[in-house]
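A short worksheet on the structure shown next.
The values are calculated or read from the model by the stated rules, or taken from the named source; none is laboratory data. Being a predicted model, the structure only gives us computed values, none of them experimental. Glycine also receives a Cβ, built like all others from the backbone with ideal geometry; neighbour counts cover every protein chain displayed.
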Amino acid sequence: MKFNAVVSARSSKEQAGPPGEAEVLRLNPQRLSTLLAHTRWDRLIEGTLNLEVDESVVIELGMASPAVRESGDTVRYPAGYSHIPRKRGTYLYFDAILSHKGKSEAILIRTAEHPLKRRIEAFAPVQLRASLHLSDGDEVSCEIQHLNVEQVAPGNAGWRESCRRSTMEFVAESPAGNGTGTRGGAA
């Protein structure tokens, strides 16, 4: 699966909101261990690169068989935000390659069972903004490795519609009503 995405800043960066991935990763050493074991990377940069994508990308990923699944029940968030992983359900990780202006890096793309409507996140063993010379608003290309949608939803249009509705319902439940499903952040 290949698609384009736009690099975006964390929307709650300048305001009160949910914690960033760097803080969440420190609270969840099991996440770090699982992702490093899967990727065989020497390290995982704390934090993620936010990527804005077409809603169809999020829907298709939700129907695919991920490389790694992580139950939201096992994820800890700081006080006041513990509801986020339960709302997200299962986190889904996919092996991918992120490219920009002829340079590429191996990444893990993350979305969730109940995702943000148009956002995915990229984990990497390097600082992606520095390595790929990225700024907010830059367009990048992404290629998910070994994506298998048929295995999960073999031509089931009803399931696809259910996934789309589930995404829309989650967005509608946003406390700030801003269409992100959280108070502006990328949970």
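Any residue in segment 23-34 that is assigned to a loop (DSSP other than H, G, I, E, B) and within 25 Å of Gly137 (Cβ to Cβ)?
Looking through segment 23-34, none of the residues is assigned to a loop (DSSP other than H, G, I, E, B) and within 25 Å of Gly137 (Cβ to Cβ).
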Pairs only if they're at least six apart or on different chains, beta carbon under 9 angstrom, first in segment 70-84 and in contact (Cβ under 8 Å) with a residue 24 or more places away in the chain and at negative phi, second exposed (fewer than 12 other Cβ atoms within 10 Å of the Cβ) and outside any helix (DSSP H, G or I); list them, first residue then second.
Arg76/Ser82
Is segment 69-77 home to any residue that is basic (Lys, Arg) and in a loop (DSSP other than H, G, I, E, B)?
yes
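For segment 59-69, check the following and say yes or no: at least one residue is farther than 23 Å from Thr34 by Cα and surrounded by 15 or more Cβ atoms within 10 Å (Cβ to Cβ).
There is at least one residue in segment 59-69 that is farther than 23 Å from Thr34 by Cα and surrounded by 15 or more Cβ atoms within 10 Å (Cβ to Cβ).
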So, in segment 82-113, exactly how many residues are surrounded by fewer than 22 Cβ atoms within 10 Å (Cβ to Cβ), assigned to a helix (DSSP H, G or I) and touching an Asp or Glu at 6+ places or on another chain (Cβ under 9 Å)?
2
May I ask you to list the residues in segment 31-53 that are surrounded by 13 or more Cβ atoms within 10 Å (Cβ to Cβ), acidic (Asp, Glu) and modelled with pLDDT of 95 or more?
Glu52
Looking at segment 40-53, can you tell me whether even one residue there is touching a residue at least 12 places away in the same chain (Cβ under 8 Å), basic (Lys, Arg) and more than 20 Å from Ile144 (Cβ to Cβ)?
yes
Every pair of residues 6+ apart whose Cβ atoms lie under 6 Å, when the first sits in segment 136-156 and is modelled with pLDDT of 65 or more while the second is aromatic (Phe, Trp, Tyr):
Cys142/Phe3; Ile144/Phe94
Tell me, please, whether a residue that is aliphatic (A, V, I, L, M) and modelled with pLDDT under 95 can be found in segment 70-80.
yes
